[in-house]
Amino acid sequence: MIHMREYNLFESRNVRFLVNKQIDFATIQITETGYKKYILDATAPVRAYFIEKGVHDFEQQKQGEENKILYPTAILTRTGIFDTFTSFYRPVAKKGDPRIWIQKSKKFIFPDNIFSIIAHNGRLYIINLSLVDIE
């Protein structure tokens, strides 16, 4: 099992801001492989967050590309908001381990970055905590 690295000072300040504003969120650290493939594991904390927020339950999703679900997503960048979609799916291979793919995220999230996922009003909001000063 791969664990997320510790937050640096910049990321910690962003996390503290979200916590102080009582915003619920999940975080993912993107690996070199995740960046290259564009595909990320939906980790247990992320899956639990999606269930809690009524976004998606991977346990109810069937395997295979034809069962992929697209969810409206906005990537908040230093200069504005980029609208896109996140896909939820379970591949036929590898026991159907839950996966997410944030379309077009490669322009805004880089290897070793940590980003937050915030579910709000039927949409996901992605913020790169390593690069975007939320305050």
Subject >> Filter pass, residue 113 being on the phi > 0 side of the Ramachandran plot and either of a type outside the set (Phe, Trp, Tyr) or open to solvent by 60 Å² or more (accessible area, probe 1.4 Å) (or both) >> reply: no
Subject >> Conditions (1) surrounded by 14 or more Cβ atoms within 10 Å (Cβ to Cβ); (2) closer than 24 Å to residue 106 by Cα; (3) touching a residue at least 24 places away in the same chain (Cβ under 8 Å); (4) touching a strand residue (DSSP E or B) at 6+ places or on another chain (Cβ under 8 Å); number of the one not met by residue 68 >> reply: (3)
Original post:
So which residues in region 21-43 are in contact (Cβ under 8 Å) with a residue 60 or more places away in the chain and of a type in the set (Ser, Thr, Tyr)?
Top reply: 27, 31, 35, 38
**OP:** Check whether at least one residue in region 91-108 is among the hydroxyl-bearing types (Ser, Thr, Tyr) and either over 14 Å from the mean Cα position of the chain (by Cα) or within 18 Å of residue 17 (Cα to Cα) (or both), and report yes or no.
**Re:** no
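The values are calculated or read from the model by the stated rules, or taken from the named source; none is laboratory data. What you see is a predicted model; the values in this text were computed from it and never measured. All Cβ positions, even for glycine, are placed from backbone atoms using ideal geometry, and neighbour counts span all protein chains on display. With ligands, DNA and RNA removed, areas are computed over all heavy atoms of the protein, side chains included. Shrake-Rupley method; radii C 1.70, N 1.55, O 1.52, S 1.80 Å.
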